[in-house]
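Novice: Once you've had a glance at the structure underneath, I'll fire off some questions.
Coordinate-derived values only; no laboratory data. In this text the structure is predicted, and so the values were computed from the model without any measurement. Note that each Cβ is placed from the backbone with ideal geometry, even for glycine, and that neighbours are counted across all protein chains shown.
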Number of protein chains: 4
Amino acid sequence: MIRVGIVGGTGYTGVELLRLLARHPEVQIASITSRGDAGTDVTQMFPNLRGRLRLRFEDPATANLKSCDAVFFATPNGVAMEQAPPLLDAGVRVIDLAADYRISDVADWSRWYGMQHASPEWVGKAVYGLPEMNRAAIRNARLVANPGCYPTAVQLGFMPLLERGLVELHHLVADAKSGVSGAGRKAEVATLFAEASDNFKAYAVPGHRHLPEIRQGLSAMAGEPVGLTFVPHLTPMIRGIHATLYARIRSEADLQALFAERYRDEPFVDVLPAGSHPDTRSVRAANTCRIAVHRPQGGEVVVVLAVIDNLVKGAAGQAVQNLNIMFGLPETEGLQQIAVLP
Amino acid sequence: MIRVGIVGGTGYTGVELLRLLARHPEVQIASITSRGDAGTDVTQMFPNLRGRLRLRFEDPATANLKSCDAVFFATPNGVAMEQAPPLLDAGVRVIDLAADYRISDVADWSRWYGMQHASPEWVGKAVYGLPEMNRAAIRNARLVANPGCYPTAVQLGFMPLLERGLVELHHLVADAKSGVSGAGRKAEVATLFAEASDNFKAYAVPGHRHLPEIRQGLSAMAGEPVGLTFVPHLTPMIRGIHATLYARIRSEADLQALFAERYRDEPFVDVLPAGSHPDTRSVRAANTCRIAVHRPQGGEVVVVLAVIDNLVKGAAGQAVQNLNIMFGLPETEGLQQIAVLP
Amino acid sequence: MIRVGIVGGTGYTGVELLRLLARHPEVQIASITSRGDAGTDVTQMFPNLRGRLRLRFEDPATANLKSCDAVFFATPNGVAMEQAPPLLDAGVRVIDLAADYRISDVADWSRWYGMQHASPEWVGKAVYGLPEMNRAAIRNARLVANPGCYPTAVQLGFMPLLERGLVELHHLVADAKSGVSGAGRKAEVATLFAEASDNFKAYAVPGHRHLPEIRQGLSAMAGEPVGLTFVPHLTPMIRGIHATLYARIRSEADLQALFAERYRDEPFVDVLPAGSHPDTRSVRAANTCRIAVHRPQGGEVVVVLAVIDNLVKGAAGQAVQNLNIMFGLPETEGLQQIAVLP
Amino acid sequence: MIRVGIVGGTGYTGVELLRLLARHPEVQIASITSRGDAGTDVTQMFPNLRGRLRLRFEDPATANLKSCDAVFFATPNGVAMEQAPPLLDAGVRVIDLAADYRISDVADWSRWYGMQHASPEWVGKAVYGLPEMNRAAIRNARLVANPGCYPTAVQLGFMPLLERGLVELHHLVADAKSGVSGAGRKAEVATLFAEASDNFKAYAVPGHRHLPEIRQGLSAMAGEPVGLTFVPHLTPMIRGIHATLYARIRSEADLQALFAERYRDEPFVDVLPAGSHPDTRSVRAANTCRIAVHRPQGGEVVVVLAVIDNLVKGAAGQAVQNLNIMFGLPETEGLQQIAVLP
């Protein structure tokens, strides 16, 4: 059994980790911390876990996280960079679900996240936890930077095209739509039901923090810098991301075959038959990314549609997938839930 | 392995059976039928099952259902009463998710359902499949009448009170609210998104078909006929039933202790701490009924709040629970999914 | 032109007052105040008003409200009781949309609202602003206590029955369902989209603040104290209240004719034909209450269904209706919007 | 008073026309037809109109539409092309809300709509009813082809850029999101609440019927053929279209000033301040298009965000606007509703 700890378990990423880990056959949840809710039974906050988990939130000051084999940080940005290094030094392996270690250019990270990095020496040692790109490195990683939700969908959608150099790189467009849980379990007016329901809007068009993360990943795939316009939108649904990706083709290829081939052995990427349109609900509560590739009217533009559940493949599920890889378990262990439809 | 068949698998009850049975360790889905979609891969209709199930809808005329150990009918009312008897005669055990065998008074059934019963001889042999009431009889049943969704929530909510004779029986009120999936996967204007979203209404106030079923169950618990006003409402959510039950107390008792005691050993009924208000999402996609009992201002009226997922504990999950009981499996086998929240 | 002021215009009641008053032909909005947003253009907060209203939030300390003919308080409970008396003394007529002056028993009010009343001398002079009950008194009122949203729907639904003494009074049940805007425009976790969407729950079953207000009104109609069980529920829609009311009949009457007759001359109460089920969307954004009356299976129980838009007939619309009555305008002036369906 | 008729009033466009026209001070609704619902009171189908409209659906065979000054066709594609010409010949002015007369290339129209055109001689005489583009021609039109919902939003968003030749024309991208009412009031599985709620998907990526209409309009603005990739998406909201438009800049300009200037005198186009993100709800139930223009990170790509209510500015409201123009009324007559928020 792998003993795991969770730092900051009161958000949506936290409860989703608990849902997945509570039934993971090789994992024991040793500790979950929360500064504000120490002492509270987790089922009081998350009644879906009643009868399935006996656990109280612990004060992070006293929780014995160093005895864990692995610790997940499900905290706001800026926490893991402070608290992960002592654990790492003690030999604990860390998976950070926040953004602290995702951007290899520390100065760039500071600009986008508006803070100084507290442990820049660990940035270079962190492995970006997108298994479909970095599986081998993840296996031996001490510190995994779990990808953001938008970056997961956008990178998986563009990957086959960029790796093969098939598209023009200067004007990629990623028009992405997210369910409201992506904004987290924070009391804010903008994400109230009465504000976000029966409504649709773009946000952060001048620049969203996931832009540098996506650009870094796409540039790595392409082997050169890419130009990307990324526009996120808030959609009146709880879970789900739908990325609609546009690129201009510069070399001919059988795109359907390319995608099918690229992801043939991937347990969590499903390339749909030609002509398909994936629903976000087809991955609801499952660790799957479903992708369709189109070339409207046989023209010069390729359109890729990629859907994930932002809390699973876009966060907690991918973190568990990374845990499985790091500890030599079957990659799908604890992640075989079938999407809930309808 | 238990070989099961599903008759009529293209509705929401059908896909939910598939989601549950596909991961049930003791079950093999031998056949699923659909008159209209014979030959179609089930994953074409239900892409959430891609990679998890290799199955095509079969023509009911040619499907070899008699080789199954058990057959589920996930059909409209009036189908099982025609097609179940030959299977029963061949030794197949049948679980009917429709209403054909739920009402023991055949004349009453005909009045409410507007058709003659095709196999009244089987009505008396059928066991009403509410495990918390009839577990012993279900064990040996050849034919199980799986309860309706509203009846499951209302009966579980009233049961402890009625069994103990604690409330006045002539004016019970069940005000019930259902998600829209309860109306099924049928093309109808009234359940279009643009009609049912951002809207709330009562329906069938003059008389809903679940009324005689509930009344029959409550009367059995009370040992005498009960008077019940049942008002169902359509709620803009996909899954979930919330029953709000009202009764006048005629004998004093510690209601919280009564409920806790009654359901202590039930794996799928969870009595919440005093003062609680269950959310429907706390049981979303799980086979659980959560119940809270209140006595506002210490007055004469008891208010019970009971929630279920109409497609799971209110249909497919309860059917699998019945299958487990019938075949001597652990009752929770294949039903340990944790509710999806948020 | 009637010069009106609005105290506290940054909530949903405030923006709804603005939507209605901006097109009211006899009203000029002289001032709108907000402590926190003084100086901000109202259209920055509420872009639906762009091009329709030139107005900035003013600091309440400097706003010249005393020059207004009427002032609306769209503030949290406890503000009007402090700030209304000086205005009243200056001859300004006041409509309070909060609860400060709704309960005539000041001690009872203090118990439910958890504060001392700052101007108990005005409680007795306030007129409860339900026009269908108190039209004559409203005409000359200096201070109108605008009813709560639940109380409006529940009282209009029970009124014909209670005024005529047709039902048993000790066990009335009001099972009410509200859209999430009823909780206001406050940053709170419980009303986030990801919490309240695709979910349904009861709340405040032990006792909701609208209970004493409703009980007071029903008792006045009945001429004696009534026993009421009131259970509110949170429904995943933005606007709308649906009250489902249950009472036991003690004297026979033609209920449909009774309701039709009682509300024949009411411009904002619409009694539906026998057998109807009102949708909340049939009153969305309109100042209408639609009511249907049922007697299931011809039994002893009457079921009344009443719907309103909680922000219009349940708040801002009713406030404008009261203004019209107070100033001798046609009662429907500025309130003839047709409900938005779908 | 202008006497108007409505052919086919049982869909969402029909009820929206009724909502707007019932309060239009210069219009009298003389007749509304429906083949299937002749004889039914319109308020039976649309209870929001109770008390506001006394009208029964008439059989189209007997309705005296020729006595009308103007007739709206709110019918499926292919009806107006048969039934409009006799009315036109009788001197009635016609506004077709369907697609029959929108595409000037009849062969192209036939390809996309899969039918022969029954009155190609009228195609050339029809005026495309986008007032911001064709106001002068609309004034004298006998037949107005009211634009589609997507085409309205996309054309208004691109217009200032294309008219001035500021962007590269070969790779325009329009990523558009629509509420479910855009699919109409037809019983279909795909638009059921349980299918479309809490879900997001693209559709018709290989080619949507609005593509040729948009391309025709954009090419006219640009003065040369444009290359456009158009991807529509289904969004879980009732009303609203959000178009996110991407183009590469080829000539520098102050884009904010350009948009502000272009639409300065347009009563129904509102250019938001720089940095804004329009919500669809800011135009809910109103005849307004709100637009924001962005240039992320000061790069080469311009992103335009345009929102409308698909049933108002995208259908019925624009039809009334066209009526006003055709009959010399103030363009905003009957269209001054303020958007309903929240």
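Novice: State the antiparallel share, in %, of DSSP beta bridges confined to the range A:150-310, rounding to the nearest 5.
Specialist: Expressed as a percentage, antiparallel bridges in the range A:150-310 total about 70.
Novice: Report the Cα-based extents of the range C:202-342 along its three principal axes, largest first, to the nearest Å.
Specialist: Between the extreme Cα coordinates on each principal axis of the range C:202-342 lie 41, 36, 35 Å.
Novice: Anyone know which of C:F230, C:F327, C:F158 comes out most mobile in the 10 Å Cα GNM of chain C?
Specialist: Greatest mean-square fluctuation among the candidates belongs to C:F327.
Novice: Would you please state the base-10 log of I(q)/I(0) at q = 0.12, 0.21, 0.22 1/Å for the range B:2-125, with intensities from the Debye formula using one equal scatterer on every alpha carbon?
Specialist: -0.45, -1.17, -1.24
Novice: Another question about this same structure. Just name one of A:G314, A:L228, A:S251: the one whose Cα is farthest towards the positive end of the charge dipole of the range A:211-317 (beta-carbon charges, Lys/Arg +1, Asp/Glu -1).
Specialist: Looking along the dipole axis, the top candidate is A:G314.
Novice: Tally Lys and Arg at +1 and Asp and Glu at -1 over the other residues with C-beta under 11 Å from the C-beta of D:S31: what net charge comes out?
Specialist: Around D:S31, the charge tally is +1.
Novice: Can you tell me the dipole magnitude for the range A:145-236 around its Cα centre, using point charges on the Cβ only (Lys, Arg +1; Asp, Glu -1), in Debye to the nearest 20?
Specialist: Taking the Cα centre of the range A:145-236 as origin, the dipole is about 180 debye.
Novice: What residue among C:M45, C:M159, C:M326 shows peak mean-square fluctuation when chain C is described by a Gaussian network model with Cα springs under 10 Å?
Specialist: In this elastic network of chain C, the residue with the biggest mean-square fluctuation among C:M45, C:M159, C:M326 is C:M45.
Novice: Continuing with the same structure: By how many degrees, 0 to 90 and rounded to 10, does the Cα axis of helix D:210-222 deviate from the longest principal axis of chain D?
Specialist: 60 degrees
Novice: In a solvent-free Debye calculation with one equal scatterer on each Cα, what is log10 I(q)/I(0) for the range D:155-285 at q = 0.15, 0.17, 0.19, 0.20 Å⁻¹, listed in the order of the q values?
Specialist: Debye curve over Cα of the range D:155-285, log10 I(q)/I(0) at q = 0.15, 0.17, 0.19, 0.20 Å⁻¹: -0.83, -1.02, -1.19, -1.26.
Novice: With the cut-off at 1.5 for a/c, could you classify the protein assembly as shown from its C-alpha gyration tensor as rounded, prolate or oblate?
Specialist: rounded
Novice: Working from Cα positions, state the angle (0 to 90°, nearest 10) between the long axis of helix C:317-326 and the longest principal axis of chain C.
Specialist: The angle comes out at about 80 degrees.
Novice: I need D:R50, C:R102 ordered by Cβ neighbour count within 10 Å, fewest first.
Specialist: Exposure proxy ranking, most exposed first: D:R50, C:R102.
Novice: Provide the FRET efficiency to the nearest 0.05 for the D:R111-D:A61 pair, computing r from the beta carbons and using R0 = 22 Å.
Specialist: Once rounded, the FRET efficiency stands at 0.10.
Novice: Under 20 Å Cα-Cα from B:K186, which lysines qualify once same-chain neighbours fewer than 8 residues away are excluded?
Specialist: B:K177, B:K201, D:K186
Novice: Report the antiparallel proportion of the DSSP beta bridges in the protein assembly as shown as a percent, rounded to a multiple of 5.
Specialist: 45 percent
Novice: Oh, and also: Tilt of helix D:80-89 relative to the longest C-alpha principal axis of chain D, in degrees (0 to 90, nearest 10)?
Specialist: 70 degrees
Novice: If I build a Gaussian network model for chain D, linking alpha-carbon pairs within less than 10 angstrom, which residue out of D:N310, D:N322, D:N146 has the largest mean-square fluctuation?
Specialist: Highest fluctuation among the options: D:N322.
Novice: Calculate how many DSSP beta bridges within chain A are antiparallel, expressed in % of all such bridges and rounded to the nearest 5.
Specialist: Bridges in chain A are about 45 percent antiparallel.
Novice: Roughly how many Å is it from the Cα centre of the range D:17-62 to that of the range C:253-332, as a whole number?
Specialist: Their Cα centres are 22 Å away from one another.
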